[in-house]
Amino acid sequence: MAADALSDVLRTVRLTGAAFFDVVVKAPWVAEPPTRERMLPKILPRAEHLISYYVVTEGRCFASLIGAEPILVEAGEVIVFTKGDPHVMSSSPGMRADPVAPDAFDAAAGSALPFSINYGGDGPPSAKLVCGFLACDAHPFNPLLDNLPAVIKTGNPQGSDSNWLGQLIRVAINESTSQRAGGESVLAKLSELMLIEVVRRHLEALPPGQAGWLAGLRDPFVGKALSLMHGGPARNWTIEELAREAGLSRSVLAERFADLVGLPPMQYLARWRMQIAAGLLSGGSTNMATVAAEIGYGSEAAFSRAFKKMVGVPPSAWRHRLGHDELRPMPVASRNIDLHL
């Protein structure tokens, strides 16, 4: 019955690799991507949240949230902006530019990945990057997204990373230049895998005493309780049953869970059930009685009351608001474009 809670969250919030760009930059250069609200309709119209990432494959550059200290990113490293916040990429720290208009990517619709961009001055390339976007559901409850820092940088400079992330980067580079059939799907999945590996590295590097959902996953007792709830969300769990199976007393588990995750166990379970329900409703084909049964409610009425109380709208309104389309990335083109400062 126990489940891999991280995998369950990633699956349920519908993590989707949306677009993939191969970028050659020439100093001096500076770029500010469009805001999340302006990019989402171009990249993944039905998605709620956009994650941006950049892999430096040659050279170096600087990345920062607007107003924050710049971060040096060297070849072999990945930087991820998990919240979709406004940010800037540049050849030197402290540079600014007008945000790139989303219309600049309109020519990308209708063809295959990757979309190749030449950016900056007229000199020799100073850096090469692969950058991309991923989309996921943010509401009603995404415990991973809620607990990630706004920026994560990982990897080893100069391509010396021989582990999983380094292998993914090398495969992505090869795939982006080979133009083989099926490349669009491969690159989209590689984007998802790279994010998962970045999250795993962040999880493993959390300092002792860190609180949050990810810290709860790492704790042997709280992690067990999370796995049990994710493995059987429809089960009529009690705190006593969870504590017994996790190997703690009821009071100790309740306190430990709340301290780490920030919610009591039963409240967490209730929220997670509504996230599952929201995903089922978004699909459009599952009837209300089946959705209710999937998350442990004995009647449609009880489920509807709970959903409206927790999410703020009735299940029918949620389904109508999102529509019935699955998350599908808008394809981007393989043709080259030149963007000069």
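When each of the peptides 201-214, 136-149 is scored by how many other beta carbons lie within 10 Å of its residues on average, the order from highest to lowest is 136-149, 201-214. Counting only DSSP H runs of at least 4 residues, each contributing -39500 (n - 2.57), and dividing by the residue count of the chain, the helix-based mean residue ellipticity at 222 nm comes to -12500 deg cm²/dmol. Compute the distance from the alpha-carbon center of region 254-326 to that of region 120-152, in whole Å. The distance from the Cα centre of region 254-326 to that of region 120-152 comes to 28 Å.
Can you give me the Rg/Rh ratio for the chain, using Cα atoms for both radii and the Kirkwood formula for Rh?
1.01
On full extension of the chain, what length is gained from D122 through D146, given 0.36 nm per residue of separation minus the C-alpha to C-alpha distance? Mind dumping the intermediate values first?
On the way: separation 24, 0.36 × 24 = 8.64 nm, distance 4.18 nm.
4.5 nm is the gain from fully extending D122 to D146.
The ellipsoid that matches the Cα gyration tensor of region 213-322 has semi-axes, each √(5λ) in whole angstrom, of 28, 13, 12, with the longest given first.
In this rough spin-label picture, where each label sits 7 Å from Cα along the Cβ direction, the R218-N236 distance is 3.8 nm. Note on region 147-306: Rg/Rh from C-alpha atoms, Kirkwood Rh, equals 1.08. Annotation: average projected area of region 222-266 is 2.6 square nanometres, based on the convex hull of Cα atoms across all directions.
Once the chain from I66 to T35 is taken as fully extended at 0.36 nm per residue, the excess over their C-alpha distance is 10.0 nm.
Checked against a 26 Å cut-off, the cross-linked pairs K153/K189; K189/K308; K42/K189; K189/K224; K42/K308 give Cα-Cα distances beyond that limit for K189/K308; K189/K224; K42/K308. In this rough spin-label picture, where each label sits 7 Å from Cα along the Cβ direction, the E300-M266 distance is 2.8 nm.
Quick one: order S304, S90 by neighbouring beta-carbon count within 10 Å, fewest to most.
Sorted ascending by nearby Cβ count, the order is S304, S90.
Taking the average, over residues, of other Cβ atoms within 10 Å as the packing measure, peptides 20-27, 217-224 rank 20-27, 217-224 from highest down. Summary value for region 213-322: 23 percent relative contact order, contacts being C-alpha pairs under 8 angstrom separated by 6+ residues. Provide the gained length on full extension for the span T290 to R180, in nm with one decimal, where the gain is 0.36 nm per separating residue minus the Cα-Cα distance. Extending this stretch completely gives an extra 35.4 nm.
Per-residue packing, averaged as other Cβ atoms within 10 Å, sorts the ranges 183-192, 311-320 into the order 183-192, 311-320, beginning with the highest. For the chain, complete DSSP H runs whose alpha carbons reach 20 Å or more along their own long axis and whose mean Kyte-Doolittle score is -0.5 or higher are 164-178, 183-204, 265-283.
Bear in mind these aren't lab numbers, they're just calculated from the coordinates by the rules spelled out. Just so you know, these numbers come straight off a predicted model, no measurement behind them. When we count neighbours, we look across all protein chains shown, and the Cβ atoms used for this are built from the backbone with ideal geometry, even at glycine.
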